[in-house]
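Reviewing the structure listed below.
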Ligand SMILES: [Cu+2]
């Protein structure tokens, strides 16, 4: 009997410790929790020409695209028959402080238009002959064929020996070829979101442990991988932003896996993807009678794209867009499950952008509470 009491006392104590721990965790988590999904600037065609100037820069130790005074890569929107005219200026420092597959990094750069059916010859999608050293400029003129399928594509740098580092740093952006509504009419009526999912190295980040906790990722891989987790995912450059969607609202999400080398196994808790296109190819292109396919999760390899209609979860549901664990085996890179974004009701329905900190506490009490039942913190966010 005494033993039982002691046990209960101990449990109570543990509970209090846990609560205090929760408070500390909450304080450290609050810093990124408030960001809503950033929307990159969009560049559209004028008279069938999409014209823009991009700079390669080093921004606080990370290589980045600079555009219009910011360091957010624009989403390029074009229609079949348009021409992309891009002036690409290499403003990277002559001496890199980063580490590359082939060291030292030369800070060469160029552009690749991933997935577009365009010419591989200069001044189009030529990643072998077109390269700019620091201080040099490249002039791209990429003709999108008139019969090009609509869908999501992406651009990223592709200099030999340096592209992994540059892409991991975030040198990528979305390309949308318009016209998906010809294959799936409903998407023309829906709010569209372009989600560029990038990897972010946490190898030398002093906040690595905190970031892993924030995205609810384990510090080791989910399978037989030997190494610690070295990367998390960002969505449009943000760590675990909020994506707003009203209950039962339908939206059209266009998601690119712009990580340098990580898999996504995408899932929206309790919801399905109504897939419209994969890797820039509308499903109806080959099967007009079956324009969509429903799936509750989808494996998206590096560079892969998913375009799907999604439906807002019921009121009060605590839902995340997450990637599930992908076991890459003993020689593979750790590719654990983690939260990419919180899927929330719009602030007009449920104030979330100015959500008071007490609400935040409640939200994360769930995260911590899950640890208590020892079924694993990481898979149980709600
Ligand atoms: Cu590529």
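The values are calculated or read from the model by the stated rules, or taken from the named source; none is laboratory data. Source: prediction; values computed, not measured. All Cβ positions, even for glycine, are placed from backbone atoms using ideal geometry, and neighbour counts span all protein chains on display.
Could you tell me which residue of segment 90-113 is farthest from residue 136 (Cα to Cα), considering only residues that are crowded, with 19+ Cβ neighbours inside 10 Å and within 16 Å of the ligand (Cβ to nearest atom)? Per the criteria, the residue is 113.
Inside segment 327-344, residues that are surrounded by 22 or more Cβ atoms within 10 Å (Cβ to Cβ) and either within 16 Å of the ligand (Cβ to nearest atom) or part of a loop (DSSP other than H, G, I, E, B) (or both) make up a count of 3.
Residues in segment 286-304 that are in contact with a strand residue (DSSP E or B) (Cβ under 8 Å, 6 or more places away or on another chain) and away from the ligand (no atom under 16 Å from the Cβ): 291, 292, 293, 294, 295, 296, 297, 298, 299. The residue list 97, 117, 71 contains one member that is within 21 Å of residue 39 (Cα to Cα) and out of contact with any helix residue (DSSP H, G or I) (no Cβ under 8 Å at 6 or more places or on another chain), which is 71.
Can you find a residue in segment 111-119 that is touching a residue at least 40 places away in the same chain (Cβ under 8 Å) and over 17 Å from residue 86 (Cα atoms)? Yes, some residue in segment 111-119 is touching a residue at least 40 places away in the same chain (Cβ under 8 Å) and over 17 Å from residue 86 (Cα atoms).
Confirm whether residue 194 is closer than 22 Å to residue 148 by Cβ and either in the same structural domain as residue 144 (by TED's automatic domain parsing) or under 18 Å from the mean Cα position of the chain (by Cα) (or both). It is true that residue 194 is closer than 22 Å to residue 148 by Cβ and either in the same structural domain as residue 144 (by TED's automatic domain parsing) or under 18 Å from the mean Cα position of the chain (by Cα) (or both).
Filter segment 71-83 for residues that are within 21 Å of residue 57 (Cα to Cα) and in contact (Cβ under 8 Å) with a residue 24 or more places away in the chain; which is farthest from the chain's Cα centre (by Cα)?
So, considering only residues that are within 21 Å of residue 57 (Cα to Cα) and in contact (Cβ under 8 Å) with a residue 24 or more places away in the chain, the one farthest from the chain's Cα centre (by Cα) is 76.
Given 286, 297, which one is modelled with pLDDT under 95 and surrounded by fewer than 20 Cβ atoms within 10 Å (Cβ to Cβ)? Answer to the selection: 286. Which of the residues that make up segment 72-89 are within 22 Å of residue 159 (Cβ to Cβ) and buried (at least 17 other Cβ atoms within 10 Å of the Cβ)? Answer for segment 72-89, where residues must be within 22 Å of residue 159 (Cβ to Cβ) and buried (at least 17 other Cβ atoms within 10 Å of the Cβ): 72, 73, 74, 76, 84, 86, 88, 89.
Checked against the criterion of being touching a residue at least 24 places away in the same chain (Cβ under 8 Å), in a helix (DSSP H, G or I) and more than 16 Å from the ligand (Cβ to nearest atom), segment 173-180 contains one or more residues that satisfy it.
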